[in-house]
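First the structure, in the form of structure tokens, and then the observations on it.
The values are calculated or read from the model by the stated rules, or taken from the named source; none is laboratory data. For clarity, every value in this text was computed on a predicted model and none was experimentally measured. Here the Cβ positions follow ideal geometry from the backbone for every residue, glycine too, while neighbour counts run over all protein chains shown.
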Amino acid sequence: MRSIRRALPALVALAAVLAPAAHAQESVLNLYSARHYQTDEALYDNFTKATGIKIRRVDADDAGILARLKSEGSASPADVILLVDAARLWRAEVDGLFQPVRSKTLDSRIPAQLRGKDGGDGSQWFGFSTRARMVVYAKDSVARDDVDTYEELADPKNRGKLCTRSGSHPYNLSLFGAMMEHLGPQKTEDWLKGLVANMARPPKGGDTDQIKAVASGECGIAITNSYYLARLMRSDKPEDKAVVARIGAVMPNQASTGTHMNIAGGAVARHAKNRDAAIRFLEYLASDAAQGYFANGNNEWPAVAAVRPANPALEQLGKFKTETVPISVIGMNQVKVQQMLDRVGYK
Ligand code: FE
């Protein structure tokens, strides 16, 4: 009895030492990110300034992050994940790499079609920006009317003109998965076969490389995410201005299914050690200020519709009809699409 009483002050002192230590442990957030844009740095700095939570970042592409999460399992240090493709977000959820989040802030700020399905205990991922998969063409050799639908890109009238990055890249897999919802499997495979027949060269490089190849005359038509085009449109470099001067841009399928959209989004990792900080970070990304940075910094549209930062390139692209295929459907179609790509020889 006596010894416990004598030990009490020491215990209190120990607790006082331990409390800040436990707090210090909470003030780090491990972020696995597939986004690599300079403006995102400012975003993370602002979060640290506002909350005292430091961000430790691991950079990789979507596939690399998913593979890493799987191999690390419950030992993974990851708290928050940022990916740049809707179907990959969906796939990670299906594979059990995320956990549900119930947040009034996120549920009210992020539209339901840009979130994972709420299974009763919240969504498992949240979109923070959107991008369009659009078409650019050589103004001097291609008529706009010949390329204003995705379907027409496979038409024999466009033989020898098309350039794209790899068919298996997530941006293309998502577009093709959405097309399968519109056309059905047989017509989709025929369409993919037509795309391959229309290629000016085998797929190589990223979207920006395709745009530049249209400007140089190597290709007549290319498929690109909107922000790569917007980046060139906003560039002060004479060589970029020359590229933009030679190309036309189309938001496809305005008279039918709408232009295919993709998203960049985030989630809390299944085995997050800093769950509260992770949710706080996602809520921060949904704030007006962060939405402006996150989307505008990469010339994307913010997920929060009320936030519309001034962006001359996006204003020039204008308003347009967007596609509404559920992300889960796009994700589920991708296995079949990949098999079709193998059959038709779309590298
Ligand atoms: Fe990209």
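Restricting attention to segment 196-226, which residues are more than 13 Å from Leu162 (Cα to Cα) and not in a helix (DSSP H, G or I)?
Correct list: Gly205, Gly206, Asn225.
For Arg131, work out the one condition from (1) within 19 Å of the chain's Cα centre (by Cα); (2) assigned to a helix (DSSP H, G or I); (3) under 30 Å from Ile279 (Cα atoms) it doesn't fulfil.
Every listed condition holds for Arg131 apart from (2).
I'd like to verify a number: residues in segment 173-195 that are within 16 Å of the ligand (Cβ to nearest atom) and either under 22 Å from Val142 (Cα atoms) or out of contact with any strand residue (DSSP E or B) (no Cβ under 8 Å at 6 or more places or on another chain) (or both), how many? Step through it out loud before you land on a result.
Narrowing segment 173-195 to residues within 16 Å of the ligand (Cβ to nearest atom): 173-175.
Keeping just the survivors that are either under 22 Å from Val142 (Cα atoms) or out of contact with any strand residue (DSSP E or B) (no Cβ under 8 Å at 6 or more places or on another chain) (or both) gives 173.
Matching residues across segment 173-195 total 1.
Hey, can you tell me all the residues within segment 74-96 that are closer than 15 Å to Phe126 by Cβ and either out of contact with any Asp or Glu (no Cβ under 7 Å at 6 or more places or on another chain) or without any contact (Cβ under 8 Å) to a residue 40 or more places away in the chain (or both)?
Asp79, Val80, Ile81, Leu82, Ala86, Leu89, Trp90, Ala92, Glu93
Criterion first (buried (at least 21 other Cβ atoms within 10 Å of the Cβ) and of a type outside the set (A, V, I, L, M, F, W, C)) does Pro252 satisfy it?
So Pro252 fits the description; yes.
Conditions first: (1) of a type in the set (Ser, Thr, Tyr); (2) within 25 Å of Asp62 (Cβ to Cβ); (3) away from the ligand (no atom under 16 Å from the Cβ). Thr149 passes all but one, so which condition is the exception?
(2)
Give the residue, chosen from Leu183, Leu195, that is touching a helix residue (DSSP H, G or I) at 6+ places or on another chain (Cβ under 6 Å) and either assigned by TED's automatic domain parsing to the domain that holds Trp90 or on the phi < 0 side of the Ramachandran plot (or both).
That would be Leu195, the only listed residue that is touching a helix residue (DSSP H, G or I) at 6+ places or on another chain (Cβ under 6 Å) and either assigned by TED's automatic domain parsing to the domain that holds Trp90 or on the phi < 0 side of the Ramachandran plot (or both).
Tally up the residues in segment 213-226 that are touching a residue at least 40 places away in the same chain (Cβ under 8 Å), more than 16 Å from the ligand (Cβ to nearest atom) and either among the hydroxyl-bearing types (Ser, Thr, Tyr) or on the phi > 0 side of the Ramachandran plot (or both), please.
1
Please verify whether Ile279 is among the hydrophobic types (A, V, I, L, M, F, W, C), within 17 Å of Leu83 (Cβ to Cβ) and buried (at least 18 other Cβ atoms within 10 Å of the Cβ), treating the condition exactly as stated.
No, not satisfied.
Run Lys157 past the list (1) of a type in the set (Lys, Arg); (2) more than 24 Å from Ser287 (Cα to Cα); (3) within 16 Å of the ligand (Cβ to nearest atom) and report the number of the one that doesn't hold.
(3) is the only condition that Lys157 fails.
Among the residues of segment 312-336, count how many are more than 19 Å from the chain's Cα centre (by Cα) and not in a helix (DSSP H, G or I).
Total meeting the criteria: 4.
From the list Gly160, Gly206, exactly one residue is under 30 Å from Ala269 (Cα atoms) and assigned by TED's automatic domain parsing to the domain that holds Ser328. Which is it?
Gly206
Tally the residues that are under 22 Å from Gly206 (Cα atoms) and either outside any helix (DSSP H, G or I) or among the β-branched types (Val, Ile, Thr) (or both), restricting the search to segment 143-177.
Number satisfying all stated conditions: 15.
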